[in-house]
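**Q** Structure incoming, see below.
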Amino acid sequence: MSSTHGGYYVPQPSHWPITGSIGLFLATGGFAMALPDKAGDPIGSLGVMYAGFAVLAVMLFGWFGTVIKESQAGMYNDQVDRSFRMGMTWFIFSEVMFFAAFFGALYYIRIFADPWLGGAGNNLSTHEWLYPEYTSHWPTNGPGNVGGDFQTMGPWGIPAINTLILLCSGVTVTWAHWGLKKENRGQLILGLFATVALGFIFVGFQAYEYIHAYSDLNLKLNSGAYGSTFYMLTGFHGLHVTIGAIMLLVVLLRSMKGHFSEENHFAFEAAAWYWHFVDVVWLGLFIFVYWLV
Amino acid sequence: MSETMTHDTHHDEHPSGIKRWLFTTNHKDIGTLYLWFSFIMFMLGGAMALVIRAELFQPGMQIVDPNFFNMMTTLHGLIMVFGAIMPAFVGLANWQVPLMIGAPDMALPRMNNWSFWILPFAATMLVAPMFMGDNFMSGQGPAFGWTFYAPLSGQYDKLAFFVFAVHLLGFSSIMGSINIIATILNMRAPGMTLMKMPMFVWTWLITAFLLIAVMPVLAGAVTMLLTDKYFGTSFFDAAGGGDPVLFQHVFWFFGHPEVYIMILPAFGIISEIIPTFARKKLFGYASMVYAVASIAFLSFIVWAHHMFTVGMPVAGELYFMYATVMIAVPTAVKVFNWATTMWRGSMTFETPMLWAVGTVFLFTIGGFTGLMLGVAPADFQYHDTYFVVAHFHYVLVSGALFGIIAGVMYWLPKWTGNMYNEGLGKLHFWLTMIGMNLTFFPMHFTGLAGMPRRYSDYPLQFAEFNQISTIGAFIFGFSQLIMLYLIIKCIKGGEKATDEVWEGSHGLEWTLPSPAPYHSFDTAPEIK
Ligand code: HEM
Ligand SMILES: [Cu+2]
């Protein structure tokens, strides 16, 4: 049934992409309809959004399932493998740029916006006319003291432990890779298991930290510029850790089923690259969000 | 263009009817979908432009109310940028890149389908709020300009729809670009080194890189808008320590590379067409490649020339001014190379060549006004006037759009197997040329005289120029129906095209039969 063109596998028509589009449309449209309107009541409830996520989940199972089947059936040659690798590399680059936008916002606010609000530079008038009382400082929730007084999360408690956890998980995933290369299934599975476990422990600690910040420190998403950058950066990072851990979990389950060989294991490497990317982002967060406050 | 597909030598399953288009993994089918989608959006965005011009025919409020007018300017810009120009280029890439590099298809065909099929949903999400009011005129579409500056956009009631529409558009662009890069880097025929690639392929490689770099930043910008409005963050709120100007930085960090995303593939098309009809090799191929690469690099470090009047520190004004005018250097390299390619060529002026020469000529005018705008102290006068509108329509209409039409005319015989009607093609070109210049040239004058952009009314002294613009716009708009007729006629039949199509054509796509077979290169050709 496969149609290979000059050896390159060109798949048959597929209904998964359009299924994915419908899922995305329902998920985002449903969410938009459930958000409050100026008039007050939203025009929809979250049901449509959940339905969209369900469709997306089905699509992911179906699409990846197809790809895995094709891969196991040996339909992909080295050139197809290279296409996948390039695809993953550039996808990770796009993710880097997404985080860059939020890091950029953090730097801009700290280096420019906040000092200007305090009267520095040539933007004196905002300070003079609107916020004469305000002196620039970081962390800040602005001249409006938006969200009320708060305390920051110190770096040397849970964040430092989380740094260690992620660094260790980088080691375990590499150890698993060595196992795969040596055809040592036990080492592969054990390494992956440790990595996934460390990933979920990280997420658990992060959740605990958020609860602590909300209930004890009054540090909230709406705590001005500091709260915004803190939660958006760490929140998106946490989401990516979760995605990465799920990817590794799938790779773990596939390893247990006997998938992957010494030279054919793109999925493993893709998940591992993603994991290292998430790791590096965390180091940036640890330094600029937790440490240098 | 389905009728023109010839037999298929493979035993693949081929769904027919609507399923063929919904499920397709074929680069030609997907290219066709992109191009038709783009054309529909072009008509929709064009209709909105005509509403704007009709309202501005005379001073005073004539036809629509101000909020509806704002909705029209906003949606016109967004639909043209994200719905018409960008998908048209991706459609051309889908059709042409595999043909030009000797590949069987795109590298990731299923993802290719997904990139396209997100677009109609995104467009629906963008336009839907227009129909959510009590009546059409009081629709709740976005009305804050295509640049959606905070804090104005934060007051928009249906902001979430807008934000998610942008997310979906970005998703589609990123996947499309990943696919194009993987195709170009991984699927070239043996012997086609990077420096032997056709210019169109080169420009798309660099454009795809720009897209992957900046679409996520745009996603970040709209995400911040979303959380600022609905979840209490303070990115753009000074009371919380944020800054509305931050929005402009993030937006234009995306926005300036975006304008090059919309022109570089057009440069590539022009660089294919001019050598064909001048019957000479492209002059300075290597310098063309380096020029595109330098333009792409510079496009990342000039964004705040859109913000000269927001109150940046003087050092910032100076830096962004010098960086901006530096772009003129590689751009001039390209223009000189095109001119030199034509110099002493055996030139003929078939329709694609008319469009190509028209593009070079008018784009250069837009480049010059860009330079004027790039001079920070001068921009204080020009900023947010019709002078800016004139500038970006000279680069976008007579740069990007003309380039797209040039490419469509150039490759149409290869796609359909039939020649288009040359008389209609020339008529379309000249009417468009006249309409375009009548519409946008007077805007230089109204702008310099101080008429602000994005207003639904204006003082009496601007009336004459605005009337000329409106007449031009209607000529321009209705001439596009000629193109529609020409294309449909060409799909349906006409004089058979040869494989080379053009006497001076060069490149792999012309070695395939016309129309090109459903699967492009089953065995990779050898490049010497
Ligand atoms: C020589 C190269 C160019 C230079 C120096 C240049 C410079 C500028 C400057 C300084 C502005 C801001 C004017 C203002 O708001 O006061 C501007 C606006 C604009 N330019 Fe260019 N430009 C160049 C080429 C292009 C190209 C190739 C395109 C697109 C194909 C383009 C599209 C735009 C658009 C869309 C705007 C208006 C954005 C808005 O405010 O809505 N420009 N340009
Ligand atoms: Cu710009």
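**Q** Most mobile of A:244, A:104, A:23 per a Gaussian network model of chain A (Cα springs, under 10 Å)?
**A** Checking each option, the largest mean-square fluctuation is seen for A:23.
**Q** Students often get this wrong, so check it: of B:196/B:281; B:281/B:426; B:280/B:496; B:426/B:496; A:69/A:182; B:28/B:334, which have C-alpha atoms separated by over 22 Å?
**A** Details: B:196/B:281 13 Å; B:281/B:426 25 Å; B:280/B:496 26 Å; B:426/B:496 19 Å; A:69/A:182 24 Å; B:28/B:334 30 Å.
Those over the limit are B:281/B:426; B:280/B:496; A:69/A:182; B:28/B:334.
**Q** For a test of the definition: using alpha carbon positions, the gyration tensor, and the 1.5 limit on a/c, classify the range A:141-293 as rounded, prolate or oblate.
**A** On the way: a/c = 3.04, a/b = 2.95, b/c = 1.03.
Cα axes put the range A:141-293 in the prolate bin.
**Q** Find the accessible area per residue for chain B; the probe is 1.4 Å, ligands and nucleic acids are left out, and the unit is Å².
**A** 33 Å²
**Q** Would you mind checking the range B:469-507 for residues with the amide N under 17 Å from a putative spin-label position 7 Å along Cα→C-beta of residue B:449?
**A** B:469-472
**Q** Magnitude of the Cβ-charge dipole of the protein assembly as shown, K/R +1 and D/E -1, about the Cα centre, nearest 20 debye?
**A** With only Lys, Arg, Asp and Glu charged at Cβ, the dipole is about 1300 debye.
**Q** With a Förster radius of 25 Å, plug the Cβ-Cβ distance of residue A:287 and residue B:231 into 1/(1 + (r/R0)^6) and report the FRET value to the nearest 0.05.
**A** After rounding to 0.05, the efficiency reads 0.45.
**Q** Compute accessible area for the range A:29-60 by itself and then with all protein chains, 1.4 Å probe, and report residues whose area falls by 10 Å² or more.
**A** Going by heavy-atom accessible area, the residues of the range A:29-60 that drop by at least 10 Å² are A:29, A:31, A:32, A:33, A:35, A:36, A:37, A:38, A:43, A:59.
**Q** Could you give the length gained by full extension between residue B:498 and residue B:286, i.e. 0.36 nm per residue of separation minus their alpha carbon distance, to one decimal place?
**A** Between residue B:498 and residue B:286, full extension yields an extra 73.3 nm.
**Q** Counting other Cβ atoms within 10 Å, which trypsin sites (Lys or Arg not before Pro) in the range B:148-225 have at most 14 and lie in a DSSP loop?
**A** Within the range B:148-225, no trypsin sites (Lys or Arg not before Pro) qualify (loop, at most 14 other Cβ atoms within 10 Å).
**Q** In the protein assembly as shown, carbon and sulfur make up what percent of the accessible area (probe 1.4 Å)?
**A** Its accessible area is 70 percent carbon and sulfur atoms.
**Q** Report the calculated FRET efficiency for residue A:259 and residue B:47 (r = Cβ-Cβ distance, R0 = 51 Å), to the nearest 0.05.
**A** So the FRET efficiency works out to roughly 0.45.
**Q** Still on this model: Per DSSP helix of 4 or more residues, -39500 (n - 2.57); summed, then divided by the residues of the protein assembly as shown. What does that give at 222 nm, rounded to the nearest 500?
**A** That calculation yields -21500 deg cm²/dmol at 222 nm.
**Q** Put simply, what bits of the range B:137-169 lose 20 Å² or more of accessible area when the other protein chains are there, versus the chain on its own (1.4 Å probe)?
**A** Checking the loss per residue gives B:157, B:158, B:160, B:161, B:164, B:168.
**Q** How big a patch of accessible area, both sides summed and in Å² to the nearest 100, lies buried between A and B at a 1.4 Å probe? Don't skip to the answer; put the middle values down first.
**A** Details: alone 16240 and 20580 Å², together 30820 Å².
The A and B chains share an interface burying roughly 6000 Å².
**Q** While we're on this one: Restricting to DSSP loop positions (anything but H, G, I, E, B) with no more than 10 other Cβ atoms inside 10 Å of their own Cβ, which chymotrypsin sites (Phe, Trp or Tyr not before Pro) remain in the range A:122-192?
**A** Here the chymotrypsin sites (Phe, Trp or Tyr not before Pro) that fit, given the DSSP loop and packing criteria, are A:156.
**Q** Continuing with this model, one more query. Can you compute the FRET efficiency between residue B:339 and residue B:195 using 1/(1 + (r/R0)^6), with r the Cβ-Cβ distance and R0 = 25 Å? Round to the nearest 0.05.
**A** 0.65
**Q** Sticking with this structure for a sec: GluC sites (Glu not before Pro), restricted to the range B:463-523: which are DSSP loop and have at most 16 other Cβ atoms within 10 Å?
**A** Taking the range B:463-523 and a limit of 16 other Cβ atoms within 10 Å, the loop GluC sites (Glu not before Pro) found are B:495, B:500, B:503.
**Q** Please work out the ratio of the alpha-carbon Rg of the range B:333-449 to 2.2 N^0.38 Å and round it to two decimals.
**A** Cα Rg divided by the expected 2.2 N^0.38 Å: 1.22.
**Q** I would also like to ask the following. Given Cβ point charges of +1 (Lys, Arg) and -1 (Asp, Glu) and nothing else, what value in debye, to the nearest 20, does the dipole of the range B:17-511 about its Cα centre take?
**A** 1220 debye
**Q** What lysines sit close enough to residue B:158 to cross-link, taking a C-alpha to C-alpha distance under 17 Å and skipping anything fewer than 8 places away on the same chain?
**A** A:38, B:229
**Q** A further question on this structure: Shape verdict for the range B:17-511, please, from the Cα gyration tensor: rounded (a/c under 1.5), prolate (a/b greater than b/c) or oblate.
**A** rounded
**Q** Given points 7 Å out from each Cα along the Cα-Cβ axis, report the residue B:526 to residue B:464 separation in nanometres with one decimal.
**A** 6.9 nm
**Q** Determine the gain in length on full extension of the stretch residue A:72-residue A:246; use 0.36 nm per residue of separation and subtract their C-alpha separation, reporting nm with one decimal.
**A** The residue A:72-residue A:246 span can extend by a further 60.6 nm.
**Q** Whole Å is fine, so just give me how far the alpha carbon centre of the range B:89-114 lies from that of the range A:39-105.
**A** Distance between centres, Cα-based: 20 Å.
**Q** Hey, another quick one. Using the charge dipole of the range A:77-291 (Lys, Arg: +1 at Cβ; Asp, Glu: -1 at Cβ; taken about the Cα centre), state which of A:93, A:244, A:172 has its Cα farthest towards the positive end.
**A** Working it through, the farthest residue towards the positive pole turns out to be A:172.
**Q** Could I ask something else about it? Using the Cα gyration tensor of the protein assembly as shown, with a ≥ b ≥ c the square roots of its eigenvalues, what is the shape: rounded (a/c below 1.5), prolate (a/b larger than b/c) or oblate (neither)?
**A** Here the protein assembly as shown falls in the oblate category.
The values are calculated or read from the model by the stated rules, or taken from the named source; none is laboratory data. Because the structure is predicted, anything quoted here is derived from the model rather than measured. With ideal geometry, Cβ positions are generated from the backbone for all residues, glycine too; neighbour counts draw on all protein chains shown. Please note that ligands, DNA and RNA were not included when accessible areas were found on the heavy atoms of the full protein model with its side chains. Shrake-Rupley method; radii C 1.70, N 1.55, O 1.52, S 1.80 Å.
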